[in-house]
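As structure tokens, the structure follows; a few thoughts come after it.
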Amino acid sequence: YTINASGDVVSTTVVTKAADGSDEQVVTTNNTIDQAGRRTAVAISNGHGEQQTEQSWDNAGNLTHDRHGTSTAYNPDHKPTTIAGDDDASISTIGYWADGSRKTLTTTGGDGAEQTTTFHYTPGG
């Protein structure tokens, strides 16, 4: 691990070997960290090339697009309302009760099929 002065992990290196010790693979991950301490990009190198992905954040500090390609939209209370995978084949929509607790989670698959889970809470939460 390499850590910057703020304590953020800016790189990691992992070395693995085959069971017989013949093959060695080195994977290095480099993180780009912004002034707020948020990871904004990840570059992974495994000796066969490098793959870089980016993450983005809104002005409130909510992660809106992660390095795996998942996009998330938020309501004014900073609670997630829509989560979509990188291929948009699966979309999850979250609804909330008036008190702000989660009410429903509806997942729509790439084939258009929907599944909804409704959450109910006891008076104590």
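The values are calculated or read from the model by the stated rules, or taken from the named source; none is laboratory data. No experiment lies behind these values; they were computed from the predicted model shown. Cβ coordinates were reconstructed from backbone atoms using ideal geometry, including for glycine residues, and neighbour counts include every protein chain displayed. Each accessible area value is taken on the protein alone, full model and side chains, heavy atoms only, with ligands, DNA and RNA left out. Shrake-Rupley method; radii C 1.70, N 1.55, O 1.52, S 1.80 Å.
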**Item:** Sequence-distant residues sharing a close amide H with Ser90 (under 5 Å, placed H)
**Value:** Gly85
**Item:** Mean accessible surface per residue for the chain, computed with a 1.4 Å probe while every protein chain stays in place, in Å²
**Value:** 68 Å²
**Complete:** Subtracting the Cα-Cα distance of Val27 and Gln51 from 0.36 nm times their residue separation yields 7.5 nm
**Message:** Defining a contact as two alpha carbons under 8 Å apart and six or more residues distant in sequence, what relative contact order in percent does the chain show?
**Reply:** 10 percent
**Request:** Would you kindly state how much longer the chain becomes between Thr13 and Arg38 on full extension, computed as 0.36 nm times their sequence separation minus their alpha carbon distance, in nm to one decimal?
**Result:** 7.0 nm
**Complete:** Given Cβ charges of +1 for Lys and Arg and -1 for Asp and Glu, the option among Gly21, Pro80, His48 whose Cα lies farthest towards the positive end of the dipole of the chain is Pro80
**Prompt:** By average Cβ neighbour count within 10 Å, what is the ranking of 18-24, 73-79, 53-59 from highest down?
**Reply:** 53-59, 73-79, 18-24
**Request:** Keeping all protein chains in position, work out how much accessible area Arg38 exposes to a 1.4 Å probe, and write it in Å² to the nearest 10.
**Result:** 70 Å²
**Message:** Take Gln115 and His78, extend 7 Å from each Cα along the Cα→Cβ direction, and tell me the distance between the two endpoints in nm.
**Reply:** 3.1 nm
**Fill in**
Quick calc, the chain, dipole around Cα centre from Cβ unit charges on Lys, Arg (+) and Asp, Glu (-), nearest 20 debye, gives 460 debye
**Complete:** Taking only the alpha-carbon atoms of the stretch 1-120, the convex hull volume per residue, in cubic angstrom, is 182 Å³
**Item:** Accessible heavy-atom area order of Val14, Val26, highest first, probe of 1.4 Å
**Value:** Val14, Val26
**Fill in**
Ranking Ser101, Thr116, Thr12 by how far each Cα lies towards the positive end of the charge dipole of the chain (+1 on Lys and Arg Cβ, -1 on Asp and Glu Cβ), the top one is Ser101
**Item:** Share of carbon and sulfur in the accessible heavy-atom surface of the chain [1.4 Å probe, %]
**Value:** 47 percent
